[in-house]
Each structure stands twice: as structure tokens, then as C-alpha cells.
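The values are calculated or read from the model by the stated rules, or taken from the named source; none is laboratory data. Quick caveat: nothing in here was measured; it's all calculated off a predicted structure. All Cβ positions, glycine included, derive from the backbone under ideal geometry; neighbour counts span all protein chains shown.
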Amino acid sequence: MTMKRTATQRLADGLVVLSCLLLLADMLLILFLPALAYFRSGEPTFMTMAQLQAIFVYDFDDGLGNLMRVILYEVWQKPETAVLALFSLACAVGAAWIFLQGLHISANVADGESFSPKNAVCFRRAAAGCFLLALAAAGRTLWKIWQLGSPEPLLSCAALLTPLFLAGGLLCLLLSALLRRAAEIKAENDLTI
Amino acid sequence: MAIVVNLDVMLAKRKMTLSQLSEQVDITLANLSILKNSKAKAVRFSTLEAICRVLECQPGDILEYVPDSSDTKGGS
């Protein structure tokens, strides 16, 4: 006899689908982030985005070759674009790691294992992803401060991401500890006859 | 654990099997087995009441306190 799924399990089912989509989109984005950082820098020396798009229309293989050159070589020639690319890649990798842990947690909840040590471990791993993002944002802010020689970057979005993801990481650690305790209480309750 | 469950002794006295007890008290055989083997962490009063009613006994007939060998001082 199949048990009726609870509202929590149905919610978790939706989160599993969403987490999969987010993870896939993030993995695809990682491939093109260095190119986006290069074109966003404002002064591309090799070619502009419009030029690359025109080449793609004319000859797809040629366009792909030029895109690969931008991703693998051109973006790393100037410190500004290299730092932006590294920051973007760190953000994407951290986000992918967080989405993966979210997927595991959602799948466990959908299977009816809400209060399990596995979920506590996933939250601890998600915290590591948040701290990586906070570190990347802090690194980029400090680099901009050094480059410009003024504290103006402290008012940028990257500077705001540092305390935001730091708080997120601490929240994930707190949830991990709570879930671990909840799992202990559940195990004890399961042995209450 | 210092609390020993003597459920098998009472079942033998009443000539009843664990399965029969499980059906009469409406507790799963798995849970009764956990209780019988002293693996349970806690017992609800409602469970104790149901078992005592079916086996026609007192809680003391089922539960026994056996001090650990490390306890040298008696309780007051």
C-alpha cells in the first residue's frame, strides 16, 4: 500500500526539480563565464562581443575557435579581466556546490528522511560553499580597493556579498547542528516503545 | 542498561507467544522484540498498561532493576 505523500514531501519534490535545473544552468554558465568577464571589462583588445557574434553567424566553427581563444588565453592576459573571471568562476563553483547539497537535502526529505545525519552533513557542506563565496567576494573587494587606491569598492555589490554569504554559511552550520540533534532525538524516540 | 525486561519470563508463565501478545496489545512484533531484548530506550505508560492488562501482572513482574557492577554505594 503506497502512503500518501505529505505536503512537506510534495514541496521537497518541487525543490528537487528546481535544484536540478539550477545546477544544470550553473554548470553550463561556468563554461562561458571567463568570456563574459572578458567582454564585460569594457576594453577587449582581441575582439568585441558584437564581432564574435558576427563571426558565429558567418562561420560557426571559426566563432567557436575564437570563443575558446578568449576563454583560454585572452581573458588571462590582463589582471582586471583575470580577477573578474576568477571571481565569477569561484561564485559559480560555490553556487553549484550549494545547489548540489540542496538537491541532496530535498531528495532526502522527499524520501521521508527529514531528520537524518545525512542532511546535517549536507548543510555543513553547503556552509563551506557559502564561505567560499564570501571569501571570493572579499578578495575581489580588496583587489578593487588596492587597484583604485580608494575605499569606494566597499560600497559595491561584491562588498555586500561578503557579510551576506558569511551569514548564510553560519546559518547552514546552525541548521546542521540542529538537524544532528534532531536526528539523535528521533533515534531515541524510535526506540521508545 | 540497569533496567532488565523480563517479558519472556511472563510470556512463558502465561503460555503466550510474542506474536500473540503483539496482536492483543496492538504493538508491532518488531517493537515488542526490541522491548524483550532490553534494547528500548524508554517505555510509555500506555504500553506498560496494555502489556500488564493482557499478561495479568504488575509492572514489577516485567521490569527489574539490576545495579551495574560499578555501583558500590546503595541508593537512598
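Summary table
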{"read-out": "Criterion (over 16 Å from A:Ile98 (Cα atoms) and part of a helix (DSSP H, G or I)) met by exactly one of A:Glu113, A:Glu184", "value": "A:Glu184"}
{"read-out": "Among residues of region B:1-52, those that are of a type outside the set (Ser, Thr, Tyr) and assigned to a helix (DSSP H, G or I), counted", "value": "26"}
{"read-out": "From B:Leu11, B:Leu18, B:Leu55, residue being within 14 Å of chain A (Cβ to nearest Cβ) and touching a helix residue (DSSP H, G or I) at 6+ places or on another chain (Cβ under 9 Å)", "value": "B:Leu18"}
{"read-out": "Any hit, region B:28-46, residues being without any contact (Cβ under 8 Å) to a residue 24 or more places away in the chain and more than 14 Å from chain A (Cβ to nearest Cβ)", "value": "no"}
{"read-out": "Search result, residues across region A:136-158 that are modelled with pLDDT of 90 or more, of a type in the set (Gly, Ala, Ser) and assigned to a helix (DSSP H, G or I)", "value": "A:Ala136, A:Ala137, A:Ala138, A:Gly139"}
{"read-out": "Some residue of region A:117-135 being assigned to a helix (DSSP H, G or I), of a type in the set (Lys, Arg) and under 16 Å from the mean Cα position of the chain (by Cα)", "value": "yes"}
{"read-out": "In region A:135-173, the residues that are in contact (Cβ under 8 Å) with a residue 24 or more places away in the chain and polar (S, T, N, Q)", "value": "A:Gln147, A:Thr162"}
{"read-out": "Verdict on A:Ala126 being surrounded by 17 or more Cβ atoms within 10 Å (Cβ to Cβ) and at pLDDT below 90", "value": "no"}
{"read-out": "A:Leu170 being hydrophobic (A, V, I, L, M, F, W, C), within 14 Å of chain B (Cβ to nearest Cβ) and out of contact with any Asp or Glu (no Cβ under 9 Å at 6 or more places or on another chain)", "value": "no"}
